[in-house]
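Asker: Here it is, the structure, as structure tokens.
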Amino acid sequence: MHADAPRVRHIRETLLSDNWYTLKKYTFELLRRDGRWQEQSREAYDRGNGAVILLYNREKQTVVLVRQFRFPVWINGHDGFLIEAAAGLLDNASPEERIVAEAEEETGFRVTRIEPVFIAYMSPGSVTEKLYFFIAEYSAD
């Protein structure tokens, strides 16, 4: 499960919420550089992994973005509408399968040749989500 599992031991988890996704509190011991074990506690929100794609048209020198309302952003004082690349959660599909479907669903463009760019954790201090980034050329026809 973890590449460096021996550095963490005695993991206890408490479910705090499973209303939409899951929020858990974890208490564990972490092996410090000085060789001592230190107990720590963290909360982690698990909403699954996702994928995002930036569609571009080389000839027109354009990209396709979508405008979506994001309630948590609204809570933080913004109007809530963000300009984003098409994205979605994997929902038990491969990143490649899911992002092709999301691209068409959110932008109306069907892409067949996608290129992986990189993988990143979105907010690794509190969220487990890993996001797969792709690019693909779209046709304006």
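The values are calculated or read from the model by the stated rules, or taken from the named source; none is laboratory data. Predicted, not measured: the structure shown is a model, and the values here were computed from it. So basically every Cβ, Gly included, is an ideal-geometry build from the backbone, and we count neighbours across all protein chains shown.
Asker: For region 87-116, which residues satisfy the criterion of being surrounded by fewer than 18 Cβ atoms within 10 Å (Cβ to Cβ), touching a residue at least 24 places away in the same chain (Cβ under 8 Å) and among the aliphatic types (A, V, I, L, M)?
Answerer: The answer is L89, and nothing else.
Asker: Same structure again: Please work out which residue is modelled with the lowest pLDDT, limiting yourself to region 19-39 and to residues that are touching a strand residue (DSSP E or B) at 6+ places or on another chain (Cβ under 9 Å) and loosely packed, with under 11 Cβ neighbours inside 10 Å.
Answerer: Restricting to residues being touching a strand residue (DSSP E or B) at 6+ places or on another chain (Cβ under 9 Å) and loosely packed, with under 11 Cβ neighbours inside 10 Å, the top hit is R32.
Asker: On to the next question. Which fully enclosed strands (runs of 3 or more DSSP E) of region 82-141 have 3 or more residues being more than 22 Å from Q61 (Cα to Cα) and at pLDDT 95 or above?
Answerer: Hits in region 82-141: 114-121, 130-137.
Asker: Among the residues of region 117-139, which ones are acidic (D, E) and crowded, with 17+ Cβ neighbours inside 10 Å?
Answerer: E129
Asker: How many residues are surrounded by 13 or more Cβ atoms within 10 Å (Cβ to Cβ), under 20 Å from the mean Cα position of the chain (by Cα) and farther than 22 Å from R98 by Cβ when one looks only at region 44-73?
Answerer: Looking only at that region, the number is 2.
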